[in-house]
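Everything on this sheet refers to the single structure shown next.
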Amino acid sequence: MKDTILKLEHVKKNFGPKTVLHDVNIEIMRGEITCIIGQSGHGKSVILKNIMGLMKPDGGRIIYNGKVISSPITPDSEYDKVRQKFGLLFQGAALFDSMTVGDNIGFTLRERTNLTEDEIQARIRNGLSMVGLHNIEHQMPAELSGGMRSRVGLARAVAMEPDIMLYDEPTSALDPIMSDKINDLILGLRQKLNMTSIVITHDMSSAYKIADRICMLHNGKIIFQGTPAQIRASRNSYIQQFISGKRKLFYAMGADQEMDKQVNLSSIHKEAHKKTFGGVTELKVVPKKRTVGDI
Amino acid sequence: MVRHKHQNLEHLIDFFAAISRFAEIIRDVIIRAPLIFKNPDLTIRQMRIIGIESIPLVIITSIFIGAEVVVQANFQFQGLVPMRYLGFVVSKSLISELAPVITAFVVSSRISTGIAAELGSMKNSEQLDAMTCLSLDSTRYIIVPKVIASIIMLPVLVIISEFFGYMASIIFVHFFIDVTMNTYLEGLRLFFSPNDMILGVLKTSVFGGIIAFCGAYFGLECAKGAEGIGDATTRAVMLSAILILIFDFVIAILFL
């Protein structure tokens, strides 16, 4: 059985009078890829910033390997001890503009490790080849395309070999082919390094492809945690709306066969059913009829 | 009325919070300043950007300051003050005030805005957050080299400014003013005190610190978007100009 590597317990975060995270509880298993999905502005990135130590929760705590690393009363020095265990790929890669690609990856290695310059150069080359890039060490970030920047950002983040890799909407600004490439890289990292990953996304095709578990955030609360198959089978109307990308519920419901997938009639207890429905033996849910006024 | 008072109180709190944040940045830079020797290349690069690349701007400004002082002094002296004092006035005004303060203003318009825009843009594009995530101290690697370079290079720029100011004044007198070169040069040497020059040059180190700290503060406090960066650069140059004048006055009171 997989053990828990990271745990968020009752995490709360306010910005002035506005509460962004109400009571977030998430458990991240070692070696798993967890996707956190949700609408824009519902607090996904705030969760990520709390995990990365860029913000401190106003309530609750974050536990890494059984040790509290962040809470309203935990000193920053506690987080600093484990900071290098976390890597983050920013949405726009956040490469340092004034440095070459090689320096972007090598800077941390030079400052935070005792590696020789030859070893650092080797790591830079390995990192770049791992993300499918070659001979771009001397280029500046401004000369790279969006996909290349993301991949360099990934190479930079994994250069220090973190335990947990976080991705902030890694595919949101990329074309479908490049998105798939990034998804493969995330899966590849898990395969090669058994790296635990947390991916913030609202791209459901990516989430279905890479996630072992999906957590759904809505209005600052986790309203769903489960596997991709479980979220597909969820009967929660909001979840169905979100995962199928529909503005209105009846679009999400679709046709009868879609409903049959969601409603498992055999699981309904016959006696209880008889009591409730007074002898009606067949239950069929018919999608609401669309009228001009509904559209 | 109550709301008005409440808003005033909020502004007062914001003002003190800003001062506290500014002081925090100064403290963080002072604590990390000794670490520049571990990455001398970062400071040298900033010295090039802040110092060497500002030289053309400083030379052009100084030439016109030197010439303008001669024109003004010559005009004001007509029939009132002996022309042997022309060089003296040019020398004193250039060394004590004009070269240090105007050089600081000119460099501030280039450097404090540059620092504010760079840091603001790094903040908006999450580069500062990325540094934190990579366990890199942004104050140490980004702000300290700029502050140290600014403190070192401002006096160098002022010496260059004074040299070109003098040269411009001499050339202008030679070609356009009805004063012999000997009289003018004698005036330049009259009451010349090396202490004035030393004080004039050293106080620009303080101005250099002011310029860099103002840029850093407004860059770090920069709001999102293009407007945020524009606002940060404007405020940085405004505050640095005000602080340069205030500190110039304080130094004059203390040391003259």
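Coordinate-derived values only; no laboratory data. Given the structure is predicted, the values throughout are model-derived calculations rather than measurements. Neighbour counts are summed over all protein chains in view; Cβ atoms, including those assigned to glycine, are modelled from backbone coordinates with ideal geometry.
Around the amide H of residue A:166, modelled in the peptide plane, lie the amide H atoms of A:87, A:88, A:89, A:198, all under 5 Å away and 5 or more residues distant in sequence or on another chain.
Using the structure shown, select from A:13/A:67; A:7/A:44; A:44/A:209; A:181/A:209; A:192/A:221; A:44/B:224 the pairs with a Cα to Cα distance greater than 23 angstrom. Correct reply: A:192/A:221. Between residue A:223 and residue A:184, the C-beta separation translates, for a Förster distance of 25 Å, into a calculated FRET efficiency of about 0.30.
If r is the Cβ-Cβ distance from residue A:58 to residue B:180 and R0 is 56 Å, what FRET efficiency results, to the nearest 0.05?
0.15
Under a 5 Å amide H cut-off, with hydrogens placed 1.01 Å from N, residue A:33 pairs with A:197, A:212, A:213 among residues at least 5 apart or on other chains. Rounded to the nearest whole Hz, the Karplus-based 3J(HN,Hα) values (6.51 cos²θ - 1.76 cosθ + 1.60, θ = phi - 60°) of region B:57-69 follow the sequence 4, 5, 4, 4, 4, 5, 4, 6, 5, x, 5, 5, 5, with x at glycine and proline. Once you divide the Cα radius of gyration of the protein assembly as shown by 2.2 N^0.38 Å, the number left is 1.33.
Between the amide H of residue A:218 and those of A:223, distances stay under 5 Å, these residues lying 5 or more places away or on another chain, with hydrogens modeled in the peptide plane. Both radii were evaluated on the Cα set of region A:23-178; the Rg over Rh quotient, with Rh as the Kirkwood radius, amounts to 0.98.
When both bridge partners sit in the protein assembly as shown, DSSP labels roughly 50% of those beta bridges antiparallel. About its Cα centre, region B:1-95 has a charge dipole of approximately 160 debye under the convention of +1 per Lys or Arg Cβ and -1 per Asp or Glu Cβ, with nothing else charged.
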